[in-house]
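Engineer: Structure provided below as structure tokens; questions to follow.
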Amino acid sequence: MAGEDRRAARVALFPLPFQGHMSPMLQLAGALHARGLAVTVLHTAFNAPDPARRHPGFSFVAVPDAISDAVAATEGGGGLDRVLAMNAAVEAPALAEGVRAVLASMLRSGEPRLACLVIDATLTAVQKAAAGLGLPTLVLHTGSAACFRLFRSYDMLYDKGYLPAQESNLLLPVKELPPLQVRDLFDPSKLPNKEILMKILNLANETTASSSGAIINTFEALEPHELKMIRDELADKGIPVFAIGPLHKLSPADSAAAASILNQDRSCIEWLDTQAPRSVLYVSFGSVVHVTRHELAEVAWGLASSGKPFLWVVRGDLVLGVEKPSELLPEGFENAVKGRGKVVEWAPQQEVLAHPAVGGFWTHSGWNSTLESVYEGVPVLSTPRFGDQLATGRYVGDAWEIGVLLEGALEREKIQRAIATLMEEKEGMGIRERARSLKEKARMCLESGGPSHQAVDMLVNHIYSLSLGSSLLVPL
Ligand code: UDP
């Protein structure tokens, strides 16, 4: 392909407006832009990327949406209700029509030629709108390869009787998806909104099957078996798979702040500078998990009794229905942790995990958080809550053995014991060593000639080939 042709292509990207989806999509945009592709980011008004932090080299186009109303209607529900409502709102015909109009105008305006649209896997209506214009789509999977497989296996899980989960089979290994056990499966059966959830999973499968490629934010050395299975499965449909993670390290360094929906409180970095190497436990449950008042108190007392320095992200909406959860911290807690505890509303997480003072990460096992921790070699205390977090927690504890998986209710004594294992005891030594050795593997994957690096090269070539191969149907 001539060099001139290669420069003349544009990619449009449309992420789901959650932090855990926006970040990897914008990071992918950064990686593609760094390889010479022009980039347009489509976004909803809800959780729109902050204009002050937007990448100067990208174009941004807003698409009208009704997500705020959908989210407001879930007031009082849990984090999952909110996630499901937002997913349903982005499937609204008006939103897909809005995307279609933007894409049609981009196709009409010509140079550089729009090659494809990259979307989140659940955006089926948007994919159909693009297909109506003859524009191919690539699907970005923001979870692990293991979860990609898991979410495609629900028919099998019901057929073989793993689901609905019974009290008696919770510890049963799911032999088709090792190392998962029945208790690690996100079981829709007991949810009031089971149908919506199953619909979302089915949409994700449908979108992938109709796409021109699947991009997964993982790396070969982390999930070789899972990636092979996915490739074997999708090869039949002629869909290439690109494992290009960890994405946060593929794009320029300032992309983390640019992708953050909330303002990051940087005072914690100065505080970390005053702490001893590997002494601090960083605690964050991501952007959508909520805890109850009781759980907040148990976390607080667990941290207090651990005796370890800690940096704790208490997000503004961490406790549903509470304006300022940091003011809810139990009486006596502040005194008990004086001089060794810091609470912030939102942290520059990637920088925190890279800080030499951080020796452990207590996380809900969201996929971005997990990859960020893996990349920095920080061992993990995992307390997954729902969705893919459950399976990731199992991988952390049993497959990669880079962390302690704390299951069941959050109770201060259990928390204290888990922190001790992770950060100081002999029992945790192997965990800490394996976390450090996985860090080396992650870095090798990203090196020039490493598998993730090569996968980006292949992805860029694939995008250029799409730009030349598609026959567009846009009326002039
Ligand atoms: N994050 C952050 N500051 C915080 C907490 C989280 O920047 O104080 C970022 C974190 O680096 C990660 C994302 O928010 O990239 C959370 O994504 P993840 O997939 O881990 O969890 P989710 O929020 O989707 O449940």
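The values are calculated or read from the model by the stated rules, or taken from the named source; none is laboratory data. In this text the structure is predicted, and so the values were computed from the model without any measurement. Glycine gets a Cβ as well: all are built from the backbone with ideal geometry, and neighbour counts include every protein chain shown.
Engineer: When you scan the stretch 398-422, how many residues do you find that are buried (at least 22 other Cβ atoms within 10 Å of the Cβ) and part of a helix (DSSP H, G or I)?
Structural biologist: Going through the stretch 398-422 one residue at a time, the tally reaches 4.
Engineer: What residue, of PRO240, PRO309, PRO277, PRO246, is more than 10 Å from the ligand (Cβ to nearest atom) and touching a Phe, Trp or Tyr at 6+ places or on another chain (Cβ under 6 Å)?
Structural biologist: Result of the check over PRO240, PRO309, PRO277, PRO246: PRO246.
Engineer: Has the stretch 294-306 got at least one residue that is within 16 Å of the ligand (Cβ to nearest atom), in contact (Cβ under 8 Å) with a residue 60 or more places away in the chain and polar (S, T, N, Q)?
Structural biologist: No - not one qualifying residue is present in the stretch 294-306.
Engineer: Does GLY238 satisfy the condition of being of a type in the set (Gly, Ala, Ser), out of contact with any Leu (no Cβ under 8 Å at 6 or more places or on another chain) and without any contact (Cβ under 8 Å) to a residue 24 or more places away in the chain?
Structural biologist: For GLY238, the condition - of a type in the set (Gly, Ala, Ser), out of contact with any Leu (no Cβ under 8 Å at 6 or more places or on another chain) and without any contact (Cβ under 8 Å) to a residue 24 or more places away in the chain - is met.
Engineer: Still on this structure, please answer the following. Could you list, in sequence order, all residues of the stretch 350-374 that are in a helix (DSSP H, G or I) and either within 16 Å of the chain's Cα centre (by Cα) or in contact (Cβ under 8 Å) with a residue 60 or more places away in the chain (or both)?
Structural biologist: Residues satisfying the conditions are GLN350, GLU351, VAL352, LEU353, TRP367, ASN368, SER369, THR370, LEU371, GLU372, SER373, VAL374.
Engineer: Moving on. Tally time: how many residues in the stretch 118-150 are in contact with a strand residue (DSSP E or B) (Cβ under 9 Å, 6 or more places away or on another chain), hydrophobic (A, V, I, L, M, F, W, C) and within 16 Å of the ligand (Cβ to nearest atom)?
Structural biologist: Matching residues across the stretch 118-150 total 5.
Residues are listed down the side, and each one gets a yes or a no for (1) of a type outside the set (A, V, I, L, M, F, W, C); (2) surrounded by 14 or more Cβ atoms within 10 Å (Cβ to Cβ):
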{"position": "GLY57", "(1), (2)": "yes, no"}
{"position": "VAL61", "(1), (2)": "no, yes"}
{"position": "THR74", "(1), (2)": "yes, yes"}
{"position": "ALA85", "(1), (2)": "no, yes"}
{"position": "GLY98", "(1), (2)": "yes, yes"}
{"position": "ILE119", "(1), (2)": "no, yes"}
{"position": "LYS128", "(1), (2)": "yes, yes"}
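Engineer: Another one. Conditions: (1) more than 24 Å from ALA435 (Cβ to Cβ); (2) surrounded by 14 or more Cβ atoms within 10 Å (Cβ to Cβ); (3) in contact (Cβ under 8 Å) with a residue 24 or more places away in the chain. ILE216 meets all but one. Number of the miss?
Structural biologist: (1)
Engineer: A further question follows. Quick check on my filter: what residues within the stretch 327-351 are more than 13 Å from the ligand (Cβ to nearest atom) and among the small types (Gly, Ala, Ser)?
Structural biologist: Residues satisfying the conditions are GLY332, ALA336, GLY339, GLY341.
Engineer: Next question, about the same structure. Which one of the conditions (1) away from the ligand (no atom under 16 Å from the Cβ); (2) touching a residue at least 40 places away in the same chain (Cβ under 8 Å); (3) within 22 Å of ARG82 (Cβ to Cβ) does VAL322 fail to meet, given that it meets all the rest?
Structural biologist: (2)
Engineer: May I ask you to say which residue of VAL299, VAL283, VAL319, VAL291 is part of a helix (DSSP H, G or I), at negative phi and buried (at least 16 other Cβ atoms within 10 Å of the Cβ)?
Structural biologist: VAL299
Engineer: Could you list, in sequence order, the residues of the stretch 190-200 that are surrounded by 13 or more Cβ atoms within 10 Å (Cβ to Cβ) and free of Cβ contacts under 8 Å to residues at least 40 places away in the same chain?
Structural biologist: LYS194, LYS199
Residue-by-condition table, conditions (1) farther than 23 Å from SER210 by Cα; (2) in contact with a helix residue (DSSP H, G or I) (Cβ under 6 Å, 6 or more places away or on another chain):
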{"position": "ASP50", "(1), (2)": "yes, no"}
{"position": "HIS55", "(1), (2)": "yes, yes"}
{"position": "PRO64", "(1), (2)": "yes, yes"}
{"position": "VAL83", "(1), (2)": "yes, no"}
{"position": "ALA92", "(1), (2)": "no, no"}
{"position": "LEU95", "(1), (2)": "no, no"}
{"position": "VAL99", "(1), (2)": "no, yes"}
{"position": "ARG113", "(1), (2)": "no, yes"}
{"position": "LEU117", "(1), (2)": "no, yes"}
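Engineer: Select from the stretch 329-349 the residues that are small (Gly, Ala, Ser) and in a loop (DSSP other than H, G, I, E, B) and write down the one among them that is nearest to TRP312 (Cα to Cα).
Structural biologist: ALA347
Engineer: Considering each of PHE361, PHE386 in turn, give the residue that is modelled with pLDDT under 95 and within 16 Å of the ligand (Cβ to nearest atom).
Structural biologist: So the residue among PHE361, PHE386 that is modelled with pLDDT under 95 and within 16 Å of the ligand (Cβ to nearest atom) is PHE386.
Engineer: For the stretch 443-476, give me each residue that is modelled with pLDDT of 90 or more and of a type in the set (A, V, I, L, M).
Structural biologist: MET444, LEU446, ALA455, VAL456, MET458, LEU459, VAL460, ILE463, LEU466
Engineer: Here's another thing I want to ask about it. From the list THR124, THR142, THR137, which residue is surrounded by 15 or more Cβ atoms within 10 Å (Cβ to Cβ), hydroxyl-bearing (Ser, Thr, Tyr) and touching a Pro at 6+ places or on another chain (Cβ under 8 Å)?
Structural biologist: So the residue among THR124, THR142, THR137 that is surrounded by 15 or more Cβ atoms within 10 Å (Cβ to Cβ), hydroxyl-bearing (Ser, Thr, Tyr) and touching a Pro at 6+ places or on another chain (Cβ under 8 Å) is THR142.
Engineer: Only one of these conditions is not met by GLY377: (1) farther than 23 Å from LEU84 by Cβ; (2) touching a residue at least 60 places away in the same chain (Cβ under 8 Å); (3) surrounded by 23 or more Cβ atoms within 10 Å (Cβ to Cβ); (4) more than 8 Å from the ligand (Cβ to nearest atom). Which number is it?
Structural biologist: (3)
Engineer: If I filter the stretch 38-55 down to residues being surrounded by 20 or more Cβ atoms within 10 Å (Cβ to Cβ) and either part of a loop (DSSP other than H, G, I, E, B) or small (Gly, Ala, Ser) (or both), which single residue comes out as modelled with the highest pLDDT?
Structural biologist: Here the residue is ALA38.
Engineer: Assess whether GLY213 counts as being within 16 Å of the ligand (Cβ to nearest atom), closer than 30 Å to HIS33 by Cα, touching a strand residue (DSSP E or B) at 6+ places or on another chain (Cβ under 8 Å) and not hydroxyl-bearing (Ser, Thr, Tyr).
Structural biologist: No, not satisfied.
Engineer: Which is outside any helix (DSSP H, G or I) and within 16 Å of the ligand (Cβ to nearest atom), of LEU84, LEU16, LEU26?
Structural biologist: Matching residue, one of LEU84, LEU16, LEU26: LEU16.
Engineer: Right, ARG183: of a type in the set (Lys, Arg), surrounded by 19 or more Cβ atoms within 10 Å (Cβ to Cβ) and at pLDDT 90 or above or not?
Structural biologist: no
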